[in-house]
Structures are given as C-alpha cells and as structure tokens.
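Peer 1: Please read through the structure below; I'll follow up with questions.
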Amino acid sequence: MAKVVSPKAAALSLTEFWSPRVIGEVDESYVKVAKVQGSLAWHAHEHEDELFFVLKGRLRIELEQGAVELGEGEMVVIPKGVRHNPVAEEECLLLLVERKETRHTGDAVTEKTRSLAEQLRPL
C-alpha cells in the first residue's frame, strides 16, 4: 500500500536545524525534508546532483559564481561537482531529492554534518 506523506508537515515536525530526514524513496534516490536557518557549509557532491525545493520561507544558495534565491514553491538543481552553501536568513522548510549515496555535506565535515543513519531516524 502506498504511503501518503505531507512533506510540509514532516518538515514542520523537525526540532533540529540542518538535520534532514528521509520521508521516501524513488528508485536510487531519497526524498528528504529539512528545517534550516543560518548557513550550512561550503561543499560539493562530486558525483551527485542535488534538488532543493522550498516548502516554506526563502533559501539562498551561494555559488562560487554568484547565488540563487528561492522562494516558497521554487526549486533548483545544483549539478554534481558545483561548490555551494545553502543559507536561510530565517527558518525555512525544504524538500530535497538526493541519490542514496549522497553525503549530507559532501566533501566537507562540520558539526552540522549528519550521517545517513541519523537521516533515516523516524520522525
């Protein structure tokens, strides 16, 4: 039986910033939600694209050649190998689609980095 999920409600239930949680799977990708505020970390995913969809709020993704600004209902795909840093001036809710092997903060490890086991914890 297919499971119906509200990504926005799932993201609202999160209590930690920058700690994505898996809410579904599509083939070789995870669908995740996150509650974010502040800056994550400059990083890149060498072999994986990353999709950001804003459920609520605003998100700026800093890139070496500039930045992209996303509002509610907007999305962007950051191509593999592109260094980026997500930033939310105020609380922002995100839906993310990433291949299962994508590391949370790519080639960077910080205090905000979450393991896949942490991301797979129940909501």
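Peer 1: How would you rank Trp42, Trp18, going from fewest to most other Cβ atoms within 10 Å of each one's own Cβ?
Peer 2: So the ranking, lowest neighbour count to highest, is Trp42, Trp18.
Peer 1: Would you mind working out the magnitude of the charge dipole of the chain relative to its Cα centre, with +1 at each Lys and Arg C-beta and -1 at each Asp and Glu C-beta, to the nearest 20 Debye?
Peer 2: It comes to approximately 420 debye.
Peer 1: What distance in nm separates the simple spin-label points at Arg83 and Lys100, each placed 7 Å from Cα in the Cβ direction?
Peer 2: Result: 3.2 nm between the two label points.
Peer 1: Which residue, chosen from Gln37, Ser6, Leu70, occupies the Cα position most advanced towards the positive end of the dipole of the chain, where the dipole is computed from +1 (Lys, Arg) and -1 (Asp, Glu) charges on Cβ about the Cα centre?
Peer 2: Ser6
Peer 1: Okay, next question. For region 9-61, rounded, prolate or oblate, judged on the Cα gyration tensor with a ≥ b ≥ c (square roots of eigenvalues), a/c < 1.5 rounded, else prolate if a/b > b/c?
Peer 2: Oblate, because a/c is 1.5 or more while a/b does not exceed b/c.
Peer 1: In nm, to one decimal, how far is the modelled label at Gln65 from the one at Thr110, with both set 7 Å along Cα→Cβ?
Peer 2: Taking the two extended label points, one gets 2.3 nm.
Peer 1: What percentages, rounded to whole numbers, describe P(r) for region 7-119 computed over all alpha carbon pairs with 5 Å bin width beginning at zero?
Peer 2: 2, 13, 24, 29, 22, 8, 1
Peer 1: Around Leu59, with a cut-off of 15 angstrom between Cβ atoms, what is the net charge of the other residues, counting Lys and Arg +1 and Asp and Glu -1?
Peer 2: Computed value for this residue: -2.
Values in this text are rule-based calculations from the coordinates and carry no lab data. All of these numbers come straight from a predicted model, not from anything done at the bench. Here the Cβ is made from the backbone with ideal geometry for all residues, glycine too, and neighbour counts use every protein chain on show.
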